[in-house]
1. How far, in nm, would the chain grow between residue 221 and residue 205 when pulled straight, counting 0.36 nm per residue and subtracting the alpha carbon separation?
2. How many Å² of accessible area per residue for the range 238-388, probe 1.4 Å?
3. Out of every Cα-Cα pair in the range 238-388, what percent are more than 23 Å apart?
4. What does the net charge come to around residue 202 if you take all other residues with beta carbon closer than 15 Å to its beta carbon, with K and R at +1 and D and E at -1?
5. Provide the percentage of antiparallel DSSP beta bridges, counting only those with both residues in the chain; round to the nearest 5.
6. So for the pair residue 186, residue 3, with labels modelled 7 Å out along Cα→Cβ, what separation do we get in nm?
7. Where only protein heavy atoms count, and the probe is 1.4 Å, what is the accessible area per residue for the range 2-177 in Å²?
8. To the nearest 0.05, how large is the calculated FRET efficiency for residue 445 and residue 479 if R₀ is 25 Å and r is the Cβ-Cβ distance?
Amino acid sequence: MRLLAAGAGVVAVATGLGLGALVAALVAPDANPVLAVGSLLIDLSPGPVKKFFIGLFGTFDKTALLILIGVLLLVLAGIAGALERRRPPLGRILIGLGAALGLVAAVSRATAAPLAAAPALVTGLAAILLLPALLRRAPEAPDAPGADGRPARRAFLQWSLGSLALGGIAALGGVALTAKDRTVAAARKALRLPAPAVAAPPLPAGADLRIPGLARIVSSNSGFYRIDTALQVPQIDPDDWALEITGMVQKTVRVTWQDLLALPLEEYYATLMCVSNPVGGDLIGNARWLGYPVRNLLERAGPSSRADMVLSSSTDGFTVGTPLEALLDEQRNAILAVGMNGQPLPPEHGFPVRMIVPGLYGYVSATKWVVKLEVTRFDRAQAYWTRQGWGERGPIKLQSRIDTVRRIDGGDWVIAGVAWRQFVGVRGVQVQVDGGSWQDAQLSAPISVNTWVQWRLPWRPASGSHTVAVRAIGADGEVQTAKVADVLPDGATGYHKVTLTV
Ligand SMILES: Nc1nc2c(c(=O)[nH]1)N[C@H]1C(S)=C(S)[C@@H](COP(=O)(O)O)O[C@H]1N2
Ligand SMILES: [Mo]
């Protein structure tokens, strides 16, 4: 029975994975072979593939990847079972190859623990031993009798269920043992951030036009877009956190969590954005960040005059390259942020510390879980995304988006959206209906040049089909370009257009 053989393959591999998860929890928490392969795929997949994933699944790209790996595993395990029945030991060899892939992926992580190979080894060995044991009990015909005269099917079922139960219990044990997530969550919850020495001015009256369907002027923490390469959110206990400033500096500087919180913190609003955001996309959000100016810490270290870049790294090995000049610029006021909208950073947004640099796309500025700043040069070091062909500097481009075209309370129509050009500011927004003349929209009261603005235009549509387009004008007089550019290498351009029928 080929189907039973395939089932035996799935049971063997699933049991192995459960045991592997337990071993991972015991000796190498970050070396789960499946997650390691996922991370390897993320790191190895070329830029366009990643872009496709982000574009297709938005912020759910990681869930999509995990589901894909799960389905693939299931299919391969089934094939291994069927192969092993027909041509032993081919099935076991296939499992061995899979385990070897998991092993290589786990030990090659930037953050690999000394025993990172153990979970994949245990997974592979268990599955390789179990598979023939299960197959021996798989009946050739549905009602074939077993050694004791009872249907062989029953023995096979008992073995399979027993095996799955063992794997399941092991996996649950692993989950129970990985208590770190909970201690870090508890540490975060108990945390009281100091009051800012320099507070953000209160929002001006009229900062939020409050139109249904229009993005709120300040994004919520839970609704904030999330982009990163981390399959598992890094868990860092603030008491274990420290930042090291090294490289082309006069002296290495180390800052602990206590050091950082004792410094006079500043708070401001800034709109963060991903370079992968397509025209009209929503990989952008505005928050109030609390942190300490990076330049003060860099100046303590004394950067060399020959340096022009800071390579910052996260605990998980992800890197970001930021122009040194931007980090030293007093006006731009880049910070090491610890707070987001009055809360400690959420774990997914970099807890306990991330970098915020107004005006630069996230991939060259917004390092989450940051633990190291290496002062260096653009011609010496490359960061995670620049290695894959994305632009080196990454200033955020002038852009605008239509969020809603609607009738308010059964009366007038309104067209509304947001526009941004961080670190420069937005002077105006214009809307064009059906290719007509550009009309000036009304803007929300701007919070600062580093934040987006909302805009609105009242509208009296005739019934029928309409196309609405928007463009922004920067505070420096730049008119948003109509030229269509892809997100790769340094951010999308072109007008956002919406077609609707009234
Ligand atoms: N450690 C780490 N930091 C990171 C990233 C990452 O993959 N890993 N991605 C960057 C990118 S591409 C963006 S757009 C922003 C997104 O920040 P958010 O998830 O808080 O919105 O984080 C940046 N910081
Ligand atoms: Mo990004």
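The values are calculated or read from the model by the stated rules, or taken from the named source; none is laboratory data. Keep in mind it's a predicted model, so treat the numbers as computed, not measured. Every residue, glycine among them, receives a Cβ derived from its backbone with ideal geometry; neighbour counts consider all protein chains shown. Just so you know, the surface numbers come from the protein's heavy atoms only, side chains and all, with ligands and any DNA or RNA stripped out. Shrake-Rupley method; radii C 1.70, N 1.55, O 1.52, S 1.80 Å.
1. 3.5 nm
2. 33
3. Values: 3361 of 11325 pairs.
Taking all Cα-Cα pairs of the range 238-388, the fraction more than 23 Å apart is 30 percent.
4. -1
5. In the chain, DSSP labels about 95 percent of beta bridges as antiparallel.
6. Rounded to a tenth, the inter-label distance reads 4.9 nm.
7. Normalised by residue count, the accessible surface of the range 2-177 is 52 Å².
8. On the way: r = 22 Å, r/R0 = 0.89.
Efficiency for this residue pair is about 0.65.
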